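Accompanying notes for the structure given below.
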Ligand SMILES: [Fe+2]
């Protein structure tokens, strides 16, 4: 095809993609081209603006490394991550809601089978005792794998600090539920924090006058064969940023009660000389088969 113009170019690109053997890949690529071309026509984008966009995406890629996921953060802050999560996990009311994974999850931590582990790694903060239970509709879920990770009292994840390595992890752990579906650990009370603002996403947030703040939360990812894997947060009730989360992750059912206690005996039997907090929370899993029916 010759003399392609700004309209017929879409038809021609779609035609050249039409022999893609994988039907799902063909569907996605053709839809992407249709939307991208229409976006360019709708906005009347200029060559300089197009080049600026290319530079921005290049910089976003160059900001990524083994532990920094700027593209995930870009997707999160544009609402795409939560959109994808929501349309793939339409949940029944009694099941814990799914939220975004976020850019700070680390795979491959050593698994801890015991209860009550101190995951703070000595970092300062107000003591927090997590006593949680993983349940299905017919009872507790034993031997589930629970990943827990959170920011420190300064709002930073361990991977954001220089010199991080997996064997020097702080405020994250991989735990296993006991026969009653319970898991517990000691940590610190999470604080609200700004998303990383020193990269391309920060430029976008400043240019659009958006708040970078996330309400205080702890991340949990729970897996057990036969159940839809659960990725969720437990936000701190009363946080001032619950209505304006920079990555759109807050669900009403994901707000937890972090109860403040006077100095005294903690849930793990130790005596704590300062006020401490207890998060007693129940996570409810959905059988994998029901999750498929709910989404389709
Ligand atoms: Fe987080």
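The values are calculated or read from the model by the stated rules, or taken from the named source; none is laboratory data. If you're wondering where the values come from, they're calculated on a predicted model, not measured in any experiment. All Cβ positions, even for glycine, are placed from backbone atoms using ideal geometry, and neighbour counts span all protein chains on display.
A few comments on the model shown:
- Scanning segment 242-256 for residues being out of contact with any helix residue (DSSP H, G or I) (no Cβ under 7 Å at 6 or more places or on another chain) and either within 12 Å of the ligand (Cβ to nearest atom) or closer than 18 Å to residue 94 by Cα (or both) gives a total of 8.
- Among the residues of segment 212-237, the ones that are touching a helix residue (DSSP H, G or I) at 6+ places or on another chain (Cβ under 9 Å), within 15 Å of the ligand (Cβ to nearest atom) and either assigned to a loop (DSSP other than H, G, I, E, B) or farther than 10 Å from residue 255 by Cα (or both) come to 3 in all.
Every residue, every condition in (1) touching a strand residue (DSSP E or B) at 6+ places or on another chain (Cβ under 6 Å); (2) in contact (Cβ under 8 Å) with a residue 40 or more places away in the chain; (3) not in a loop (DSSP other than H, G, I, E, B), yes or no:
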{"position": "10", "(1), (2), (3)": "no, no, yes"}
{"position": "20", "(1), (2), (3)": "no, no, no"}
{"position": "35", "(1), (2), (3)": "no, no, yes"}
{"position": "68", "(1), (2), (3)": "no, yes, no"}
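- Residue 131 vs. criteria under 24 Å from residue 285 (Cα atoms), modelled with pLDDT of 95 or more and either away from the ligand (no atom under 16 Å from the Cβ) or touching a strand residue (DSSP E or B) at 6+ places or on another chain (Cβ under 6 Å) (or both): yes
- Selection count, segment 150-187, where residues are more than 14 Å from the ligand (Cβ to nearest atom) and either outside any loop (DSSP other than H, G, I, E, B) or closer than 22 Å to residue 76 by Cα (or both): 13
- Test: residue in segment 166-185 that is surrounded by fewer than 21 Cβ atoms within 10 Å (Cβ to Cβ), over 29 Å from residue 144 (Cβ atoms) and either touching a strand residue (DSSP E or B) at 6+ places or on another chain (Cβ under 7 Å) or touching a residue at least 40 places away in the same chain (Cβ under 8 Å) (or both): no
- Evaluated against (1) assigned to a loop (DSSP other than H, G, I, E, B); (2) under 27 Å from residue 253 (Cα atoms); (3) within 16 Å of the ligand (Cβ to nearest atom), residue 123 falls short on exactly one condition, (2).
- Every condition in (1) in a loop (DSSP other than H, G, I, E, B); (2) under 30 Å from residue 92 (Cβ atoms); (3) over 20 Å from the mean Cα position of the chain (by Cα) is met by residue 190 except one, and the failing one is (3).
- Of all the criteria given as (1) within 24 Å of residue 203 (Cα to Cα); (2) touching a helix residue (DSSP H, G or I) at 6+ places or on another chain (Cβ under 9 Å); (3) away from the ligand (no atom under 15 Å from the Cβ), the one not satisfied by residue 79 is (2).
- Only listed residue being under 28 Å from residue 89 (Cβ atoms), under 21 Å from the mean Cα position of the chain (by Cα) and without any contact (Cβ under 8 Å) to a residue 40 or more places away in the chain, chosen from 204, 197, 213: 213
- Hits in segment 156-165 (condition: crowded, with 17+ Cβ neighbours inside 10 Å and touching a helix residue (DSSP H, G or I) at 6+ places or on another chain (Cβ under 9 Å)): 158
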